[in-house]
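Worksheet for the structure shown next.
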């Protein structure tokens, strides 16, 4: 019998409120030795996912440098100075999880065959995907879960 999503998912996933600060979220990830977590609103509905990469992208002030190729050296310096100023000002205001999370929530049904789960995760470049039953999230599957399956 082929395994289904429910057979390898991790149930009882730890979620975080969208109103948590980024610092509190980072500590939560570290304390729980995980790299990402679902984000819930006040009604406890999952509204997104936040990861260590989201924190890193925020801190690295990720921007595309393509437009800088068309700027003079002076304009590049000024743009970087402005970006740094804006970033420093933003650090004075607590950044919340809702500000860094990805609002798109990818999911599969509990009855989805593992091969389909893997194909979906590869196709959408996902490291984790939620598992649902009757529109309610019941678990999560990560790339680690798929690797465990192969190792067994």
Cα→Cβ-extended label distance, 7 Å offset, between residue 60 and residue 31, nm: 2.7
Mean-position separation - Cα centroids, the range 86-152 and the range 5-49, in angstrom: 10
C-alpha long axis of helix 73-92 to longest principal axis of the chain, angle in °: 60
Order of 138, 143 - criterion: other Cβ atoms within 10 Å of each residue's Cβ, fewest first: 143, 138
Computed over the range 5-151: relative contact order in percent, which uses C-alpha pairs under 8 Å that are six or more apart: 34
Order of 141, 104 under a 10 Å beta carbon neighbour criterion, fewest first: 104, 141
Shape metrics for the chain, restricted to C-alpha atoms - Rg then Dmax, Å: 19.0, 65
Computed FRET value (nearest 0.05) for residue 106 with residue 72, which takes r as the C-beta separation and R₀ as 35 Å: 0.25
Angle in degrees between helix 22-32 and the longest Cα principal axis of the chain, rounded to the nearest 10: 40
Spin-label model distance (nm) - residue 99 vs residue 133, 7 Å beyond Cα toward Cβ: 3.9
Shape of the range 68-107, Cα gyration tensor, a/c cut at 1.5: oblate
Residue exposure sequence - 30, 107 - by fewest surrounding Cβ within 10 Å: 30, 107
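Every read-out reported here was derived from the displayed coordinates using simple, explicitly stated rules and does not represent laboratory data. None of the values given here were measured: they were computed from a predicted structure. Positions of Cβ are generated from backbone atoms using ideal geometry, with glycine treated the same way; all protein chains shown enter the neighbour counts.
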